[in-house]
Each structure stands twice: as structure tokens, then as C-alpha cells.
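A short write-up of the structure that comes next.
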């Protein structure tokens, strides 16, 4: 194996790593912001919104992410240029780039999968805890903020960690729409240096490190949650 190319391409890998991290963080942030109400409405209703949320999750989970990504990029990406109002707006420099479409597609994917996770999480919270909160005079929003949502998240932390790692491993698909993340840079190295295995091994190592960081972060959160529960029991 030969690694002479690493020094030359190191800056590009750093840029690609930054793009991967941005794509992952933004997708998880926007996706979870959608997943929480999607999961909650399936438990609380009203029924029409619950059916709409369930249908959304079924469509997202039932179709390949690559197809969703291409439909969004080649669909919206081909429509927006034909609308003068968008082309002349301040958003056009952003919308003509592939990155926002990748974020949008991955966010919908996170929302679809994690929405079902959050549905189960909200449904699993002990009804006695919710009744106790209502007995203390908590409003619906206060009950959600202080009891229901925290307890739901605690119940599914390992599952969410797995979902976020799957999202990380899906980010190489962004390279198919010209987003040069870590995998995209690795592909470029393979094409320019004709080295096949070394760039792939380097990319794989980077993803393993990122996955390890996600796992460590969630274990830290679980540890903090367990300590808080113990403190609460002692008091």
C-alpha cells in the first residue's frame, strides 16, 4: 500500500470532513425538530394529523433515500431556476448549490425514521407520571417540556444513537449530487491517483471515528440521565 498522496489531499479531506459534519448536524437538527411533533401527534391526535404523520413516515421509510435525494435535487433543483422570483432573490446563491437539497433530503429521512421512534417513545412513558404532572396543575406544554419529552428521550437514547449513525453512513449518497463530503473526496483521490484501497480505507477509518464520537456522546447523555434519576430518588 502507498500513502504518498495523503499529504497532498489532506486539506481536501479536512474540507470534506467539515461538509460531512455540517450535513450530519443540520440533518439531525432539522429532522428531530420534525420528528418530535410527528411522533407526538400520532399519540395525541387529532386523528387526521395522526394519519398524515403516519403516512409521511410510511413513505419515507418505504422508499430508498437515494431516490428521495434525486427527486428533491433534480426535481426542485430543476424547477427553481425557471422561477424568476427565486432567481432574483437573495436565496438563489444558496438554492443553486447542491448542499441545501442534500440537507433537506436527509432531514426528511431523519424525520421519517425518528418520527416512528418518537411515537413509541411518547407512548412508552408511564401514564402515572403524566397524571401526577396534571395533578400539580401543569399546562400541556409544561407537562411536555418537563416530564413527557425528557422521559420519552431517555427511553430511546440507544435507538436514536443507532438512527444517527445510520444517517452518518448515508451521507456518502450526497456525493451523487456533487456534494464533496469525505466520501466524495475519497472518490476524487481514487480517480486522480488510481489508488483504490487506500482512499477507501482512510474514508472508512474517518467514519468509524465519527461513529465512535456519536456513541460516546450518547453514552455520556445516558450516564448523566442515570445520575439525575439517582439524585432524584435520593431526594
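Read the figures in this text as sums done on the coordinates, not as results from a lab. Being a predicted model, the structure only gives us computed values, none of them experimental. Note that each Cβ is placed from the backbone with ideal geometry, even for glycine, and that neighbours are counted across all protein chains shown.
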Nearest 10 degrees is fine. How inclined is helix 6-44 to the longest principal axis of the chain, computing both from alpha carbons? 30
Jot down the radius of gyration and Dmax of segment 134-230, Cα atoms only, both in angstrom. 20.2, 69
If one computes the Cα centroid of segment 63-99 and of segment 131-210, what distance in Å separates the two points? 23
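With Kirkwood's inverse mean 1/r over C-alpha pairs for Rh, give me the Rg to Rh ratio of segment 1-70, two decimals please. Show your work: numbers first, answer last.
Numbers: Rg = 19.3 Å, Rh = 15.3 Å.
Computed over Cα atoms, the ratio is 1.26.
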Angle, helix 197-234 long axis vs. longest principal axis of the chain, Cα atoms, 0 to 90°, nearest 10? 20
Could you pull out which residues in segment 145-174 have an amide N less than 17 Å from a spot 7 Å beyond the Cα of residue 225, following the Cα-Cβ vector? 145-165
Calculated FRET efficiency for the pair residue 135/residue 157, C-beta based, R₀ 35 Å, to 0.05: 0.80
In Å, the C-alpha Rg and Dmax of segment 9-129 are 17.5, 58
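For a Förster distance of 25 Å, can you work out the FRET efficiency between the beta-carbons of residue 22 and residue 146, rounded to the nearest 0.05? Don't skip to the end; give the middle numbers.
Details: r = 32 Å, r/R0 = 1.28.
For R0 = 25 Å, the calculated efficiency reads 0.20.
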Calculate the spin-label point distance for residue 85 paired with residue 123, positioning each point 7 Å from the Cα along the beta-carbon direction, and give it in nanometres. 4.1
